[in-house]
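In what follows, a structure is listed as structure tokens, so that the remarks can point back to it.
The values are calculated or read from the model by the stated rules, or taken from the named source; none is laboratory data. Quick caveat, the model's predicted, so the values are computed rather than measured. Note: ideal-geometry Cβ built from the backbone for every residue, glycine included; neighbour counts use all protein chains shown.
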Amino acid sequence: MGGRLKIALLLSPALAVIGVLFAGGLAAAVAQSLGYMPAVGETELSLDAYREVLTGEEFLSSLGLTFYVAGSSTAISTVLAVLAALALRRSSGRISSVVFQLPITIPHLVAAVGIALVVSQTGLGARLAAALGLIGEPADFPALLYDRYSVGIILTYVWKEVPFIALVVLASLRGVAAELEDVARTLGASAWQRFWYVVFPVIAPGVVAASLIVFAFTFGAFEVPYLLGKTYPTILPVMAYNEYRDTDLAARPVAMAINVLVTLVTAAVAAAYLRLAKDLGRG
């Protein structure tokens, strides 16, 4: 008991900061989403903002786009991360550190600017394609920014999240999975059989957990879609920001309602991750 009390006391300053900033901010967002804004004389609670949001065509379009961007980014990142980890698992730790850990240190905002400089119609990719004769001029390069398929946003997330998932997979591949695969190879298993029946069951829990984290992050992220996304429909965090900065305070509950709904989705993903982690602990 004394040890637990000591740990609790040591963690109390950090927990207090988290409680004030996160829990306090969330409580304020919920209150405002219900129309409670005493500063402007609004004290009556209602669900009007949620009705307006959930029945609006703009919200449904933004919700679909947000799921599309988060789901596509997570799926592509997961597949590429597994392939990259399988390709580099026999390499030295220094090579994997450069390939996987370096992109993680770069902020998403900087990554978005870098992607824009490469894939825009006036960027490095367009000029290189024109120089190689693949296209007539840089303006003929496909529009990958501000497009309906959000290619620029997905490319940024893939470039950033592949190393994160790959590090999780690589840790499993260099542990028990490597030993089990050697045994399976000795017993005559083919490359596909070794992957499907030996390697995949070992790395699957880590892959699923990392993918859930990536999905939750990309679903609620703001800066990359704000820089590289189209103006309509926007993803939900950008939509909430646009409503929040409206000079008409009557739009504030709508903005907060969107934020609360985004929080609920990410909380559901976090709950799935915690459940998976609990099951892994039992295993």
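The table below lists the values:
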{"read-out": "Single match in LEU63, LEU80, LEU26 (criterion: closer than 21 Å to TYR232 by Cα, assigned to a helix (DSSP H, G or I) and touching a residue at least 24 places away in the same chain (Cβ under 8 Å))", "value": "LEU63"}
{"read-out": "Any hit, the stretch 242-260, residues being among the small types (Gly, Ala, Ser) and touching a Gly at 6+ places or on another chain (Cβ under 8 Å)", "value": "no"}
{"read-out": "Test for ALA81: is it modelled with pLDDT of 90 or more and among the aliphatic types (A, V, I, L, M)", "value": "yes"}
{"read-out": "Some residue of the stretch 47-55 being hydroxyl-bearing (Ser, Thr, Tyr) and over 15 Å from the mean Cα position of the chain (by Cα)", "value": "yes"}
{"read-out": "Conditions (1) in a helix (DSSP H, G or I); (2) crowded, with 16+ Cβ neighbours inside 10 Å; number of the one not met by GLY114", "value": "(2)"}
{"read-out": "The stretch 226-271, subset of a type in the set (Gly, Ala, Ser) and within 19 Å of the chain's Cα centre (by Cα), residue modelled with the highest pLDDT", "value": "ALA240"}
{"read-out": "The stretch 140-152 residues that are touching a residue at least 12 places away in the same chain (Cβ under 8 Å), paired with ones that are of a type outside the set (A, V, I, L, M) and in a loop (DSSP other than H, G, I, E, B) (beta carbon under 7 Å, 6 or more apart)", "value": "PHE141/GLN121; ALA143/GLN121; LEU145/SER120; TYR146/GLY229; TYR146/LYS230; ASP147/LYS230; ARG148/LYS230; SER150/GLY229"}
{"read-out": "Residue check for PHE67: closer than 21 Å to ASN259 by Cα and in the same structural domain as GLY229 (by TED's automatic domain parsing)", "value": "yes"}
{"read-out": "First in the stretch 35-58 and farther than 12 Å from MET256 by Cβ and not assigned by TED's automatic domain parsing to the domain that holds VAL260, second anywhere and surrounded by 13 or more Cβ atoms within 10 Å (Cβ to Cβ) and among the basic types (Lys, Arg), Cβ under 9 Å, 6 or more apart", "value": "VAL40/ARG252"}
{"read-out": "Enumeration of residues in the stretch 98-111 that are in a loop (DSSP other than H, G, I, E, B) and modelled with pLDDT of 85 or more", "value": "ILE106, PRO107"}
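Let's see how each residue does on (1) out of contact with any helix residue (DSSP H, G or I) (no Cβ under 6 Å at 6 or more places or on another chain); (2) at pLDDT below 80; (3) more than 30 Å from ALA270 (Cβ to Cβ):
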residue: VAL169; (1), (2), (3): no, no, no
residue: LEU180; (1), (2), (3): no, yes, yes
residue: LEU187; (1), (2), (3): yes, yes, yes
residue: PHE200; (1), (2), (3): yes, no, no
residue: PRO205; (1), (2), (3): no, no, no
residue: LEU212; (1), (2), (3): no, no, no
